[in-house]
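The values are calculated or read from the model by the stated rules, or taken from the named source; none is laboratory data. In this text, all values refer to a predicted model and were calculated from it rather than measured experimentally. Here the Cβ is made from the backbone with ideal geometry for all residues, glycine too, and neighbour counts use every protein chain on show.
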Amino acid sequence: MGHSWTGTEKMAFTNPGKVPITEFWIRLWGNGTAGCGGTPAERISALVGGQVAETRENCTAYRIVLDTALAPGARGEVSFTLSIDVPVQRDRFGINGVDTYLGNALAVLAVKDENGWELPPYVAFGESYYSLAADYDVTLDHPAALQVPSTGVVAGETAAGDRLVTHLTAARVRDFSWSAGAFHHDSTVTASGVTVDAYWPNSESDSNCRDLMRYAARALDYYSTRYGAYPYPRFTIVFDEFGAAFDGMEYPNYVLASAYQGAVAHEVAHQWWFGLVGDDQYRHPWLDEAFAEYSTEEFQGNATPVHNCDWIASDERMDVSMDVYEKAGDPFYHDAVYHEGTCMLYDLEHTIGRDGMDKLLRDLVSTYEYGVIRPGDVRTLAAAVSGKDLSAFWSRWRNTAA
Ligand SMILES: [Zn+2]
């Protein structure tokens, strides 16, 4: 149950540019692991408002040509049937034992920025996801025996025989993900009034998951105080084990985490670094991972980095894309982005002072929340809040590329 889903997805958007839009790209990330062969995990059909002109990147990217060009400032939409068959794989998009995880399963608009259309390939470790904030209105019709932890808040539930129709809404989020399973569930409310919903399968310890739920609530409060308030009414966390695939995975309002404190604190921190302050996770993975891991270590009370700050390779760099890290391997990626990234941010705090660091982090959130940062935005803001020329600092941390 919960392995196959089919329904209508409607995408509506406004042309923000100065020329008509005749075509655009969408991403179907569920095809990332198996690609186009056989029956793809995700298919679209019965397109209304346009037609599929081309697919790329193993059927994770679809070019859609609109039936009618969209004038500047005008609002248009397309809709299609989306069919999802979740593969058996212990992953963020996969059937993991008795539970089903639908990470990045809904189609999202690709981003066109100063580099043109950004159509990165899927990566098995780390993330390729890059999307803009949007409003989601999602109705999930599912067996009543299954719960559907997800992005957003439950706007309504309607029972229909052995099924339950759950209506969810989420404002200003980068994507919408959910899972389906006969989970255990508990909830709490943070000091600042955010509801924390926690879910876990039978295989996890009830008492540990309840402790971690309260730990997640404390992390939300800590980061809210330091960076700026978590602006959503609900945060949902699912505890489960994903083996070698990952220890945690971030989505807006909703995360997956292994049931230990480090994973929980890290994924909660992503609500600011990636969730609120977005980035191109394929081109600049350090922009969210280094900040999330630094946040974790600070929240856990460490005055200095937990990890060794020695680079593991002479040609290792922090400012390269997932393309480079995928060829170099997961340990290389992990060291450069998480460990050296955290060391770099502790060093930045040392260099510009605690007050300067607090101002930088708060300014990053207040300036770029619901938007996207580039590396240059961080460097410019760090120089502005400190009044220092930090170019030698960024060079020392092998982090100078735009
Ligand atoms: Zn992370």
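Are any of the residues in the range 241-251 crowded, with 24+ Cβ neighbours inside 10 Å and away from the ligand (no atom under 12 Å from the Cβ)? Scanning the range 241-251, I find no residue that is crowded, with 24+ Cβ neighbours inside 10 Å and away from the ligand (no atom under 12 Å from the Cβ), so the answer is no. For the range 212-228, the count of residues that are at pLDDT below 95 and of a type outside the set (A, V, I, L, M, F, W, C) is zero. Met249 meets all of the listed conditions (1) within 19 Å of Ala124 (Cα to Cα); (2) assigned to a loop (DSSP other than H, G, I, E, B) but one, namely (2). Return yes when Asp335 is in contact with a strand residue (DSSP E or B) (Cβ under 6 Å, 6 or more places away or on another chain), of a type outside the set (A, V, I, L, M, F, W, C), within 16 Å of the ligand (Cβ to nearest atom) and not in a loop (DSSP other than H, G, I, E, B) and no when it is not. No: the conditions fail for Asp335.
Taking the criterion of being in a strand (DSSP E or B), under 23 Å from the mean Cα position of the chain (by Cα) and aliphatic (A, V, I, L, M), the residues of the range 1-43 that qualify are Met11, Ala12, Ile26. For the criterion of being modelled with pLDDT under 95 and either more than 14 Å from the ligand (Cβ to nearest atom) or not assigned by TED's automatic domain parsing to the domain that holds Tyr333 (or both), Asn308 passes. Restricting to the range 86-116, count the residues that are outside any loop (DSSP other than H, G, I, E, B) and either crowded, with 16+ Cβ neighbours inside 10 Å or in contact with a Pro (Cβ under 7 Å, 6 or more places away or on another chain) (or both). Residues that pass the stated criteria total 10.
Candidates in the range 370-389 are the residues that are β-branched (Val, Ile, Thr) and assigned to a helix (DSSP H, G or I); of these, the one that is nearest to Val111 (Cα to Cα) is Val378. Contact map, the range 261-274: residues that are touching a residue at least 60 places away in the same chain (Cβ under 8 Å) and part of a loop (DSSP other than H, G, I, E, B) paired with residues that are aromatic (Phe, Trp, Tyr) and within 11 Å of the ligand (Cβ to nearest atom), Cβ distance under 8 Å, separation 6+ or inter-chain. Pairs shown: Trp272/Phe291. Has the range 350-366 got at least one residue that is touching an Asp or Glu at 6+ places or on another chain (Cβ under 7 Å) and within 16 Å of the ligand (Cβ to nearest atom)? Scanning the range 350-366, I find no residue that is touching an Asp or Glu at 6+ places or on another chain (Cβ under 7 Å) and within 16 Å of the ligand (Cβ to nearest atom), so the answer is no.
One line per residue, one yes/no per condition, for (1) aliphatic (A, V, I, L, M); (2) without any contact (Cβ under 8 Å) to a residue 60 or more places away in the chain; (3) under 30 Å from Asp335 (Cβ atoms):
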{"position": "Ala53", "(1), (2), (3)": "yes, yes, no"}
{"position": "Thr81", "(1), (2), (3)": "no, no, no"}
{"position": "Pro120", "(1), (2), (3)": "no, no, yes"}
{"position": "Tyr129", "(1), (2), (3)": "no, no, yes"}
{"position": "Glu157", "(1), (2), (3)": "no, yes, no"}
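Could you grab me the full set of residues in the range 284-304 that are within 16 Å of the ligand (Cβ to nearest atom) and not acidic (Asp, Glu)? Full working, then the answer.
First, the residues of the range 284-304 that are within 16 Å of the ligand (Cβ to nearest atom): 284-300.
Passing the criteria: His284, Pro285, Trp286, Leu287, Ala290, Phe291, Ala292, Tyr294, Ser295, Thr296, Phe299, Gln300.
May I ask you to verify whether Gly278 is away from the ligand (no atom under 12 Å from the Cβ), of a type outside the set (Val, Ile, Thr), within 29 Å of Glu118 (Cα to Cα) and modelled with pLDDT of 95 or more? The answer is yes for Gly278. Screening Ala313, Ala269, Ala229, Ala219 for residues that are away from the ligand (no atom under 14 Å from the Cβ) and touching a helix residue (DSSP H, G or I) at 6+ places or on another chain (Cβ under 8 Å) leaves exactly one candidate, Ala313.
Would you check which residues across the range 319-331 are within 16 Å of the ligand (Cβ to nearest atom) and buried (at least 20 other Cβ atoms within 10 Å of the Cβ) and list them? Passing the criteria: Met322, Tyr325.
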